[in-house]
Amino acid sequence: MSKTKQTKRVTPASRDTLRTMPDTLPGAFFVLDHADTIVYANASAQAMLGTPPKALCENNFWHCAPHLVSPMLHQAVRQTKQTRALTEVQYVSPITQNWLHVHLAPMVGGLTLQFHEASAPARPQEVFPQGEHLCAYLAMTGIDITARKRAEAAIHTLIDAIPQLVWTGRPDGYINYCNQRWRDYTGMSAEQAQGNGWMQCIHPEDRQRVLAVWQRAVQTGQLCEAEQRLRQGTTGAYRWFLMQATPYKDGQGTILTYIGTCTDIQEQKRVEQKRIADALHQSQELIHALIDSNIIGITSSAVEGEVLVEANEAFLRMTGYSREEVRSRTLTRARITAPEDAPLLARAIQEVITHGQHTPFEAELVCKDGSRLSVLLGGVLLQEQPRQMVAFVLDNSARKELEQRKDDFISMASHELKTPLTALKMQASLLHRQLARQGILQAAPALSSMEAQLNKVIRLVGELLDVSKIQAGRLEYAQEPVDPDALLREIAETMQHTSPSRTLVVRGAAQTCLIGDRDRLGQVFTNLISNAFKYSPDTETVEIDLATSEDVVMVRVRDYGLGIPQEQRDKIFDRFYRVADPKRKAIPGLGIGLYIVAEIVKHHGGTITVDSAVGKGSTFTVTLPRTRDACAVDARGERVN
C-alpha cells in the first residue's frame, strides 16, 4: 500500500513534466518507432507541417511529412538505426527550398529527429551547431511510468540522446543530472557534476557571478540566464556559452524541477568583441586626432596626482613649456595654476571624482615665462583604475582682450558723458526755476519732460560706470547699519510717486537691521521694482514681501507680467543679456541692471533667485544675511533692532 501511494504521488508530476518538455524545444521534434511510425511530434513540428496532432501520431513519417522527405534523410535514418550513433545531415527541403539541419539520435524502441530551418547551410562546429538553442528535458508521452526510478531512467535516456548540453536541478538548486553530451564536453562524470561540482568546469573569473545568478533564480523561482565560459575537458580551452534554466511547475505552481541548457555563443562573442575593438580603435583614432589638433590644448594626469603625464603640442605652444618637461615629470598642476585659482581647480577635481566631469570654468595659467594666459578649462574622467583625468584647455585670451577693450570703452565713454550730462541737468533745472519765478509757465511741461529724460540718461551712464567698476573690481561699498523696513518704505513711496497709475503693495516687516551699503541696496530694490513695472505693462499691481528668519532677511518682488522662459532664467543675470522675445525687445534696456543687482547682492553675502512662468509673471527673491549685533538709529535717536 505504501508503495502504491508513493507511485500515485510521483507519477502524475513526472508525466506532466514529460508531456510539456518537448514543446519547449527549438525546431520540429519527432519520436519514431522502429517502423518509422510517428509516436510523438511537438508543437513546432505540427506548425512546420501545418498538420494537427491526430494526422501525425501513429502514421508513417514518410507519408505525413513531405516537407521533410529527402534521399539524404532516408540514408541518415538508416545509418542511425544501424550504427546506433548520433547523426547529423543537411539538405534543401523539396517543398520550401529552405535548408534543413537535422539531428538524429537513437533511443530504445526507435529514434528522435530534430529539424531546424535556415536560409543557408549551417557552419560545422567543434561540438555542435553554433547558436543552437540547446534542448531541455525531453521525453515521449505514452510511456507507462509506474515508479520514480523508471521515470528518471526514461528521462535520462532521452536527455542523453539529445546532441546538446542539458542538465537538470532540484527545486532547492541542487544539480542532480547532466546529460551525456555535457559530460563528453566537460570531461566530468555525472557524480562529479552533482551539487556544486559543475562549477569546476566554469572559468574561475565567471564562477562567483554565475553561482550568484543561479542562487537568485532559485530563491525567486524565476528564469535563470547568464553568460559563462566552459572548459572543454580534452583541450582545456574555454568557450562562451549562454546558460539558461527554466523552472517547471505543477498545477498548483510548485516547482518540480529546473531544466537547464547551455548554448554555444562563442561566435557571437567573437563578433561582439571585434565590434567593440573596432569601436575602441576608432575612438582612439578620434582622440589622437583631437590631441594632435592645434585647436585645443589637452593634458592628462592622475586625478589624485599633481604631475602632468601627457600634453599635446597645442598646450605646449600656448604655455611655452617643452616636451622634455612633460617627459621628465616636472610639470605639475600647482606650477601652471595661478594661486588665486587653486580653490577653483580643487573644486573641479572633486567634481570629476564625484560626477566623472566638471563644469567648465575660466582661470589663468602661469606660462613658462611667468606671464598669465586666460583660459577656459574643462575635464573628464578617462578611466577608473587608476583614475586618470583628461583636461581640455581653450585659449581665452583673445576674448578677454576684446572684453577688456569693450570695458575700457564703456568706462571712458561713461566718464566723458557724465560731466556734460550733469551740467546739462543743472542748467535745465536752473532754467525751470527762473521761468517759474518770471511766471512763464508755458515751457514748464517741456522742461519737466527734458529733466525726466536727462535723469534716465544719467542713470544709464551711472549703470555703465558701475559695470566697468565691477569688472575692474573697483566698485566701492560703504559699511553702515541699514534698516531694510525704512529703506523699502522710502523706495516704495518714491516709485509710487513716479508711477501713479500703478499699485505698489508692501507686506510684512523685517524688524531687524543689516550691515552694508544703503545706497547700493537701494539700487538693488529700485531696479527690481522698476523692472516689475516695465515687464508687466498690462497689470497694475506689484507686490513686495518682507520676511525674516534667525539668520537672513528675505525680500520678494513679484509682478504679474510677461514672465521669463525657463531655459533663459539662469542667463538673465549675465552682463548685457536680454531675453530674446519680440514683446521684451520693445522695452528699452541694455541688459545690465540685473547683472549689477546680482553683483551687489553677492558682495553683501546674499543670493538672488527668480521663479517665473511665461504669461504669469516673475518673483525675484533677495536673501541677505542678518547681523544680530548691528543696529540702526532712527531720526529720534532711538535704537532699532
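Observations on the model:
- From the alpha carbon centroid of region 386-405 to that of region 73-92 is 74 Å.
- Distance histogram in 5 Å bins (all Cα pairs of region 50-107, percent per bin): 4, 18, 24, 23, 22, 9, 1
- Solution diffusion estimate, µm²/s, Stokes-Einstein, region 299-380, Kirkwood Rh from C-alpha pairs, 20 °C, viscosity 1.002 mPa s: 165 µm²/s
- Cβ-based net charge around L373, under 13 Å, with every Lys or Arg adding one and every Asp or Glu removing one: -1
- Working from the Cα coordinates of region 160-259, the gyration tensor eigenvalues give, after taking √(5λ), semi-axes of 23, 16, 11 Å in decreasing order.
- For region 477-625: rounded, prolate or oblate by the Cα gyration tensor [a/c cutoff 1.5]: prolate
- For region 479-536, the convex hull spanned by the alpha carbon atoms encloses 73 Å³ per residue.
- Residue-wise HN-Hα couplings along region 84-92, as the Karplus relation 6.51 cos²θ - 1.76 cosθ + 1.60 with θ = phi - 60° gives them from phi, are 6, 10, 5, 9, 10, 8, 10, 7, 9 Hz; Gly and Pro carry x.
- Charge context of E543, other residues only, Cβ under 14 angstrom, K/R +1, D/E -1: +1
Readers should treat all values here as calculations from the given coordinates under stated rules, not as data from a laboratory. Please read all numbers here as calculations on a predicted model, not as lab measurements. Note that each Cβ is placed from the backbone with ideal geometry, even for glycine, and that neighbours are counted across all protein chains shown.
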